[in-house]
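The values are calculated or read from the model by the stated rules, or taken from the named source; none is laboratory data. Note that this is a predicted model, so its numbers are computed, not measured. We place every Cβ from the backbone using ideal geometry, glycine too, and count neighbours over all the protein chains shown.
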Amino acid sequence: MTNFQHLLECYCLKRLILTIFKLNYMFAKSVPTGGISNKDAETIIGSSVKVEGNFICEGNMIIDGEVKGTVQTNGFLQVGDRAVINADIKAANSKIGGQVKGSVKIDGDLELTETAKIFGDVEASSLSVARGALLNGKCSMAKENSKNKKDKEIKAAAAAEEEPEA
């Protein structure tokens, strides 16, 4: 094998490896940590939208616009960096990057990004606050939300019924 053939083989192998990495990157199903993509959201309130009312959703919700009223979802709530919310919020899990004036009650994990501004009380099972986030209000960490507690009680009662009596 000549040096030229060896260099050609190395070059072709390098190109093949780079192509594989590019394909993996292009077709990888990636979702930002602690966030959701538009296709995973049931409800999206865009950045140019201003709405008022009670928003109740079963699935994931993304808010990038302005909302007044109440926001409630049994799924994940993502609040964009430029969102302005004057509402009480209740969700299963949430990532907040915008401004919220009102109480925030999250059953699970709450992440406040560096652009988040919260003016109200916060309750969550788990809280992550990035440097630069603003939180003006009372913060309480719920050990166990009522839904999980009820689920555990139901499972315990069902397990007790299944045990044979001696």
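Check the stretch 116-125 and report whether any residue there is more than 21 Å from Ile36 (Cα to Cα), among the hydrophobic types (A, V, I, L, M, F, W, C) and either crowded, with 16+ Cβ neighbours inside 10 Å or modelled with pLDDT of 95 or more (or both). Even if it seems obvious, please write down each step before you answer.
We begin by selecting, within the stretch 116-125, every residue more than 21 Å from Ile36 (Cα to Cα); these are 119-123.
Checking the rest, the ones that are also among the hydrophobic types (A, V, I, L, M, F, W, C) come to 119, 122.
Of the ones still in play, those that are also either crowded, with 16+ Cβ neighbours inside 10 Å or modelled with pLDDT of 95 or more (or both) are 119, 122.
There is at least one residue in the stretch 116-125 that is more than 21 Å from Ile36 (Cα to Cα), among the hydrophobic types (A, V, I, L, M, F, W, C) and either crowded, with 16+ Cβ neighbours inside 10 Å or modelled with pLDDT of 95 or more (or both).
Please enumerate the residues belonging to the stretch 92-105 that are at pLDDT 95 or above and hydrophobic (A, V, I, L, M, F, W, C).
Ile96, Val100, Val104, listed by residue number.
Do the conditions hold for Gly69, that is, is it small (Gly, Ala, Ser) and in a strand (DSSP E or B)? Lay out the reasoning, then the answer.
On the way: small (Gly, Ala, Ser): yes; in a strand (DSSP E or B): yes.
Judged against the criteria, Gly69 is a match.
Name the residues in the stretch 81-101 that are surrounded by fewer than 20 Cβ atoms within 10 Å (Cβ to Cβ) and either on the phi > 0 side of the Ramachandran plot or part of a loop (DSSP other than H, G, I, E, B) (or both), would you?
Looking only at the stretch 81-101, we keep the residues that are surrounded by fewer than 20 Cβ atoms within 10 Å (Cβ to Cβ), and these are 81-82, 84, 86, 88, 90, 92, 99, 101.
Answer for the stretch 81-101, where residues must be surrounded by fewer than 20 Cβ atoms within 10 Å (Cβ to Cβ) and either on the phi > 0 side of the Ramachandran plot or part of a loop (DSSP other than H, G, I, E, B) (or both): Asp81, Arg82, Ala92.
Taking the condition surrounded by fewer than 16 Cβ atoms within 10 Å (Cβ to Cβ), at pLDDT 95 or above, within 22 Å of Leu134 (Cβ to Cβ) and not small (Gly, Ala, Ser), does Lys68 pass?
Values: surrounded by fewer than 16 Cβ atoms within 10 Å (Cβ to Cβ): yes; at pLDDT 95 or above: yes; within 22 Å of Leu134 (Cβ to Cβ): yes; not small (Gly, Ala, Ser): yes.
Criteria met by Lys68.
Between residues in the stretch 109-120 that are in contact (Cβ under 8 Å) with a residue 12 or more places away in the chain and residues that are acidic (Asp, Glu) and crowded, with 18+ Cβ neighbours inside 10 Å, which pairs lie under 8 Å by C-beta distance while being six or more apart or on different chains?
Between residues of the stretch 109-120 that are in contact (Cβ under 8 Å) with a residue 12 or more places away in the chain and residues that are acidic (Asp, Glu) and crowded, with 18+ Cβ neighbours inside 10 Å, the close pairs are Gly120/Asp88.
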